[in-house]
Amino acid sequence: MTAAPPAALYTLHDADPTQHRDIVLSIWRGNLHHERGGHEAKYRWFYLGGPDGPPILQLMRHAPSGDWVGVCAAGRRRMLCNGRDIRGGVIVDFAVVPEHRSLGPALILQGGVMAAGARELDLLYGFPNPKAVAAVKRGGYTQLTQIVGHARVLRHARYLSRHMPIPLASVIAPVLDVALWAWDGIGRLLSPKLHAEWLERADARLDAVWQQSERGEGVLMVRDAAYARWRFDEAPHGRTRYVLVSNPANGAPMAWFATRSDAGVLRVRDFWSTDGVRGVNRACVGALLWAARASGHVAVTTEIAAPTPALTGWRACGFFERARHPVYGRWSGTGDAPDGAAMHLTSADKDG
C-alpha cells in the first residue's frame with residue numbers, strides 16, 4: 001500500500017488588494033515599519049492607488065492552524081528595456097510572522113511571488129537586506145547590479161566634529177566651506193549658465209524632460225510627470241520638493257531632482273535629465289548644489305545604479321561613494337532577457 005503524500009504545511013494564495021486589506025495589515029503590524037504615514041496610508045497609496053494597477057499580492061497560510069502567516073507583493077512598474085516597453089515589478093513588503101520566520105516559509109513565499117510574477121511581468125527585481133541575500137539566491141534570483149550611495153558635503157562643521165575636537169572643527173570647517181564654495185563657483189563659470197527653481201509638485205515640465213531624453217539603452221523606469229505625481233506628491237511618507245533646472249535663454253527644462261530634506265541633508269530620491277541614460281551633466285548637478293546650499297542644507301545625498309560613464313556629472317561635482325547594496329532580479333520567460341543590459345535605478349525604484 002502506497003503511503004499518501006504529506007499534507008502541505010503552508011499554502012499560497014493569490015490575493016486581491018481590494019479584498020484582503022485587513023489580512024495584510026494584520027501581518028504587517030509588528031513585522032514591518034512604514035515610515036510616517038503608517039500601514040493604512042501606505043496601503044491606500046501603494047496597493048489601491050497605483051497608476052499601473054494593483055500590485056501582485058501573495059498570502060501564505062499555515063495549513064494546520066489556518067492562520068495567515070506571510071505576505072509579499074510586487075508593485076508594478078512601467079519600464080523600458082533598450083527602448084522597448086516591458087512590464088516590471090519590484091518586490092515589496094515581504095513579511096512573515098515571528099513564529100514561522102525560517103528559511104522554509106520564506107522560500108515558499110518567494111516562490112509564490114516569483115511564479116505570479118512570471119505570469120504577469122517581464123522583470124521582477126528587489127533590494128534585499130544583507131540577511132535576506134542567501135534566501136533570495138536560493139529562490140532563483142541573480143544579482144543584476146548594485147545601487148550605490150553618493151554624498152557631497154556643503155558645510156563641514158557637523159561632519160568634522162565627528163572626527164576631531166569640536167573647537168578644532170569649528171576653525172577648519174569655515175575654511176573648507178569657503179574653498180568648496182569657490183570651487184563650485186568656478187565650475188559654474190566654466191559651465192553653461194542654468195536656472196534652478198523649487199517646485200512643490202510635479203508639472204508638465206517633467207514630461208518635457210522625459211520626452212526629450214535619451215532612453216535607448218538599458219533598463220529604466222518611465223519617469224514622466226504622472227509617475228512623479230504618484231510616487232512623490234501623493235505618497236504618505238513625507239514632503240517632496242523638486243529642483244527644476246532649465247536653460248534661462250529659452251526656459252527649456254533640462255533636469256529635475258525629487259528631494260526630501262532630512263535634518264539638514266537634502267536627499268535626492270530620484271532625478272532625470274534630457275541627457276537620459278548618459279547621465280546628468282555637470283552643469284545640472286552644479287545647479288542642484290547651488291540650490292541646496294542657498295536653502296541652508298549641509299549636504300546632498302543620492303543613490304544610483306548606472307554604468308560608470310553616467311556618474312561623470314556627479315563625480316565632477318565632488319560626490320563621493322558611500323555604501324553599495326545589491327539589486328537582485330529575475331527575467332520571466334516572456335521577458336526576452338538582454339545579456340548584460342545596464343540598469344538605471346535610484347532609491348525611488350524601491351517600494352517607497
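The values are calculated or read from the model by the stated rules, or taken from the named source; none is laboratory data. Everything quoted here is computed from the prediction, not taken from an experiment. Here the Cβ is made from the backbone with ideal geometry for all residues, glycine too, and neighbour counts use every protein chain on show.
Within the range 264-282, the set of residues being assigned to a helix (DSSP H, G or I) and in contact with a helix residue (DSSP H, G or I) (Cβ under 8 Å, 6 or more places away or on another chain) comprises 277, 278, 282. For the range 283-302, does any single residue satisfy the condition of being modelled with pLDDT of 95 or more, buried (at least 17 other Cβ atoms within 10 Å of the Cβ), among the charged types (D, E, K, R) and assigned by TED's automatic domain parsing to the domain that holds residue 340? The answer is no, given that none of the residues of the range 283-302 is modelled with pLDDT of 95 or more, buried (at least 17 other Cβ atoms within 10 Å of the Cβ), among the charged types (D, E, K, R) and assigned by TED's automatic domain parsing to the domain that holds residue 340. For first residues located in the range 109-120 and under 18 Å from residue 24 (Cα atoms), partners that are of a type in the set (Val, Ile, Thr) and lie 6+ apart or on another chain with Cβ distances below 6 Å form the pairs 116/56.
Here is a yes/no grid of residues against (1) surrounded by 19 or more Cβ atoms within 10 Å (Cβ to Cβ); (2) not assigned by TED's automatic domain parsing to the domain that holds residue 210; (3) not in a strand (DSSP E or B):
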| residue | (1), (2), (3) |
| --- | --- |
| 73 | yes, yes, no |
| 78 | no, yes, no |
| 90 | yes, yes, no |
| 99 | no, yes, yes |
| 104 | no, yes, yes |
| 109 | yes, yes, yes |
| 115 | no, yes, yes |
| 124 | yes, yes, no |
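Looking across the range 197-225, the residues that are outside any loop (DSSP other than H, G, I, E, B) and in contact (Cβ under 8 Å) with a residue 24 or more places away in the chain come down to 197, 198, 199, 205, 206, 208, 209, 210, 212, 219, 220, 221. List pairs: first in the range 151-163 and under 13 Å from residue 296 (Cα atoms), second of a type in the set (Lys, Arg) and surrounded by 15 or more Cβ atoms within 10 Å (Cβ to Cβ), Cβ under 7 Å, 6+ apart or cross-chain? Hits for this filter: 154/293.
Residue 225 - would you say it is surrounded by 13 or more Cβ atoms within 10 Å (Cβ to Cβ), at pLDDT 80 or above, under 30 Å from residue 343 (Cα atoms) and in contact with a Phe, Trp or Tyr (Cβ under 7 Å, 6 or more places away or on another chain)? In short, no.
Within the range 311-336, the set of residues being outside any loop (DSSP other than H, G, I, E, B), farther than 16 Å from residue 139 by Cα and either modelled with pLDDT under 90 or of a type outside the set (Asp, Glu) (or both) comprises 311, 312, 313, 314, 315, 316, 320, 322, 323, 324, 325.
Scanning the range 254-263 for residues that are part of a strand (DSSP E or B) and surrounded by fewer than 21 Cβ atoms within 10 Å (Cβ to Cβ) gives 260, 261, 262.
Candidates are the residues of the range 139-193 that are surrounded by fewer than 15 Cβ atoms within 10 Å (Cβ to Cβ) and among the polar types (S, T, N, Q); the one that is nearest to residue 308 (Cα to Cα) is 146.
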